[in-house]
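A short write-up of the structure that comes next.
Nothing in this text is a laboratory measurement; each read-out follows from the coordinates by a stated rule. Worth saying up front: this structure is predicted, and the values here are computed from it rather than measured. Virtual Cβ from ideal backbone geometry, glycine too; neighbours counted across all protein chains shown.
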Ligand code: ATP
């Protein structure tokens, strides 16, 4: 599985439709300050379901829509499409190529689509979970975040690694199961007391 292309239309500084084609392996995006490199990374996180405006370096979600420049009027919607090569079947869907699209309208309302079919955020999250590209987005390490990770204490660093490896969700499930077991034990104890009182 690898990212094949990313198309931005009306997303942040990318007013006109712009497609970036990626090859397997490492891709470097270079450009002057303010040319939109981080906006591309934001688009990647956004199309995969990012819900936090501040994670996209904005105050509110519609800050991702092209706000206009002196020569060009603001747009009414932002649209990003990600194409993923799935010839190895890493994504649990019966297609060798998968497209995920997200559209946001300035008037409110947003839409997701998987291979052109309307989908819910949950569908996108489920499709990507267990690929390392899921909910928590630790696969995208932003500017300055690297330093934060390196400076974090060993327990937090372990958390980051477990999240990326998909271990954390099992740890959370285990903790939840243990809490349930504990409360069931307490209930059982209470029940035994009651039985003792009745006898
Ligand atoms: P640096 O190398 O300094 O980190 P960069 O190449 O990563 O820069 P970005 O942060 O991706 O640059 O892009 C910043 C530019 O995007 C700014 O000029 C900003 O005005 C523009 N921009 C951000 N949001 C919008 C928007 N909604 N509409 C129009 N332009 C926007």
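Semi-axes of the equivalent ellipsoid of region 2-135: what are they in whole Å, largest first, if each equals the square root of 5 times a C-alpha gyration tensor eigenvalue?
25, 18, 13
With an 8 Å Cα cut-off and a minimum separation of 6 or more residues, compute the relative contact order for region 2-135 in percent.
With pairs under 8 Å counted, the relative contact order is 23 percent.
Calculate the length of the line joining the C-alpha centroid of region 149-199 to that of region 66-122, in whole Å.
37
Could you rank the peptides 78-90, 139-151 by their average count of other C-beta atoms within 10 Å per residue, with the highest value first?
Going by the mean number of other Cβ atoms within 10 Å, highest first, we get 78-90, 139-151.
Divide by every residue of the chain the summed helix terms, -39500 (n - 2.57) for each DSSP H run of at least 4, and state the resulting mean residue ellipticity at 222 nm, rounded to the nearest 500 deg cm²/dmol.
Here the helix-only value at 222 nm equals -11000 deg cm²/dmol.
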